[in-house]
Amino acid sequence: MKEDVIILAIETSCDETAASVVKNGNEIISSVVASQMDSHKRFGGVVPEIASRHHTEIITQVMEQAMLEAELPFSKLTAIAVTEGPGLVGALLVGISAAKAAAFAHGLPLIPVHHIAGHIQAAELVKPILYPAMALVVSGGHTELVYMKEPGHMEVIGETRDDAAGEAYDKVARTLGLPYPGGPHLERLAATGEPKVKLPIAWLEPDSYDFSFSGLKSSVINTKHNAEQRGEPFHAADVAASFQSSVVEVLVEKTRRAAAAYEVQQVIVAGGVAANRGLRAAMKETFAGTDVEWTIPPIELCTDNAAMIGAAAYIEWNKQNLAAWDLNGKPGLALT
């Protein structure tokens with residue numbers, strides 16, 4: 001009988017301090033997430049130095065809590081995994097330092113994990129991934145289409161050329177006077193309006209799987225300023241609904257085209273924006289009744305967490321992709 005692979009995973013790439021114990025890449029034994037949202041709210045966004053300090057203060061407690069909830073001693077662990085990048089370099093270094101210390105103290109291997117690979121692999125915590133697969137990654141800093149021929153193979157076939165979808169949501173939310181974090185507030189506002197404001201959609205070249213949301217964001221800003229200058233009524237809910245409709249349309253259509261072109265068995269939607277109900281509904285409508293299975297993890301696995309890092313670490317463990325003690329944070333780490 002094959003021995004279970006039990007991994008303690010650590011995630012500190014941005015403003016969540018998280019640790020999780022995951023078995024065989026698909027079973028969450030424990031998961032602890034400490035959010036810093038209240039600390040950054042007054043600044044309207046994440047302040048890197050504050051994020052790093054909070055990680056430093058709480059990382060040990062979060063790791064201990066994950067092990068306590070798992071009811072396992074360190075001697076039962078196979079390895080320790082940690083997010084190597086991308087992310088805020090100071091935040092990454094806190095998690096990496098903690099992971100190194102724990103791995104060294106307990107004589108355990110250290111597994112480096114790509115943050116976006118973690119978001120994608122979170123689908124494995126819901127149901128087995130069917131290969132070949134296509135992943136749409138939509139988060140605050142990333143909007144990418146990733147083709148996966150087999151486990152561990154990830155090829156970026158499309159990415160944002162300017163603002164990521166999550167960035168556009170946050171910037172438009174600020175324009176509309178919504179509090180931080182803007183994305184969820186904008187989604188709720190959009191649900192009360194009608195998508196009847198004409199806003200642009202950047203399809204780019206006919207064969208391109210890339211994305212562009214900067215023009216859409218600018219159009220919302222101009223629409224508001226023009227209404228104010230002319231003394232005309234500005235219906236924020238309708239603008240929010242129109243903005244969301246434009247974003248969702250291009251995300252879903254490019255994913256549908258890519259899934260057909262690459263003849264995939266499964267489509268995965270990953271990242272924080274995957275929690276958006278409008279996107280979820282549109283994906284369901286597009287792929288329901290087709291031969292392509294679609295998977296969107298539950299909301300708690302869409303936002304940053306360490307369980308997804310543990311799922312991705314299992315793939316790296318099987319490839320024996322281990323880190324040396326000189327592992328460093330890589331804020332611009334490419335997905336390969």
> What number of residues within segment 18-44 satisfy the criterion of being in contact with a helix residue (DSSP H, G or I) (Cβ under 9 Å, 6 or more places away or on another chain) and either among the hydrophobic types (A, V, I, L, M, F, W, C) or at positive phi (or both)?
Replying inline: 13
> So, in segment 184-200, of the ones that are over 23 Å from the mean Cα position of the chain (by Cα) and surrounded by 15 or more Cβ atoms within 10 Å (Cβ to Cβ), which residue ends up farthest from residue 156 (Cα to Cα)?
Replying inline: 193
>> Need pairs with beta-carbon distance below 9 Å; first residue outside any loop (DSSP other than H, G, I, E, B) and within segment 295-308, second surrounded by fewer than 21 Cβ atoms within 10 Å (Cβ to Cβ) and among the basic types (Lys, Arg); sequence gap 6+ or separate chains.
In response: 295/127
> Which residue pairs have Cβ atoms closer than 6 Å, lie 6 or more positions apart in sequence or on different chains, and pair a first residue in segment 149-176 that is at negative phi with a second residue that is part of a strand (DSSP E or B) and among the hydroxyl-bearing types (Ser, Thr, Tyr)?
Replying inline: 155/147; 157/147; 160/143; 164/143; 165/143
> Is it true that residue 178 is surrounded by 18 or more Cβ atoms within 10 Å (Cβ to Cβ), hydrophobic (A, V, I, L, M, F, W, C) and part of a helix (DSSP H, G or I)?
Replying inline: no
>> Checking the structure you have, find out if any residue of segment 61-80 is closer than 17 Å to residue 99 by Cα and part of a strand (DSSP E or B).
In response: yes
> Of all residues in segment 33-69 being among the small types (Gly, Ala, Ser) and in contact with a strand residue (DSSP E or B) (Cβ under 8 Å, 6 or more places away or on another chain), which is surrounded by the fewest Cβ atoms within 10 Å (Cβ to Cβ)?
Replying inline: 35
> Picking from 13, 30, which residue would you name as being modelled with pLDDT of 95 or more, open to solvent by less than 10 Å² (accessible area, probe 1.4 Å) and in a loop (DSSP other than H, G, I, E, B)?
Replying inline: 13
> Of the residues that sit in segment 304-335 and are among the polar types (S, T, N, Q) and open to solvent by 60 Å² or more (accessible area, probe 1.4 Å), which one is nearest to residue 13 (Cα to Cα)?
Replying inline: 328
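Here is a yes/no grid of residues against (1) open to solvent by less than 40 Å² (accessible area, probe 1.4 Å); (2) part of a loop (DSSP other than H, G, I, E, B); (3) modelled with pLDDT under 95:
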| position | (1), (2), (3) |
| --- | --- |
| 112 | yes, no, no |
| 119 | yes, no, no |
| 124 | no, no, no |
| 130 | no, yes, no |
| 141 | no, yes, yes |
| 152 | yes, yes, yes |
| 162 | no, yes, yes |
| 166 | yes, no, yes |
| 174 | no, no, yes |
> Across segment 278-294, which residue is most open to solvent (accessible area, probe 1.4 Å) among those that are outside any helix (DSSP H, G or I) and without any contact (Cβ under 8 Å) to a residue 60 or more places away in the chain?
Replying inline: 291
> Within segment 211-254, can you find the residues that are among the charged types (D, E, K, R) and closer than 17 Å to residue 174 by Cα?
Replying inline: 217, 224, 228, 238
> Taking segment 204-242, which residues are open to solvent by 30 Å² or more (accessible area, probe 1.4 Å), in contact (Cβ under 8 Å) with a residue 40 or more places away in the chain and of a type in the set (Phe, Trp, Tyr)?
Replying inline: 209
> Looking at segment 243-277, which of the residues that are in a loop (DSSP other than H, G, I, E, B) and either of a type in the set (Val, Ile, Thr) or open to solvent by 60 Å² or more (accessible area, probe 1.4 Å) (or both) is farthest from residue 115 (Cα to Cα)?
Replying inline: 263
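The values are calculated or read from the model by the stated rules, or taken from the named source; none is laboratory data. Model, not experiment: these values are computed from the prediction. All Cβ positions, glycine included, derive from the backbone under ideal geometry; neighbour counts span all protein chains shown. Areas reflect the complete protein model, heavy atoms only, side chains present, ligands, DNA and RNA absent. Shrake-Rupley method; radii C 1.70, N 1.55, O 1.52, S 1.80 Å.
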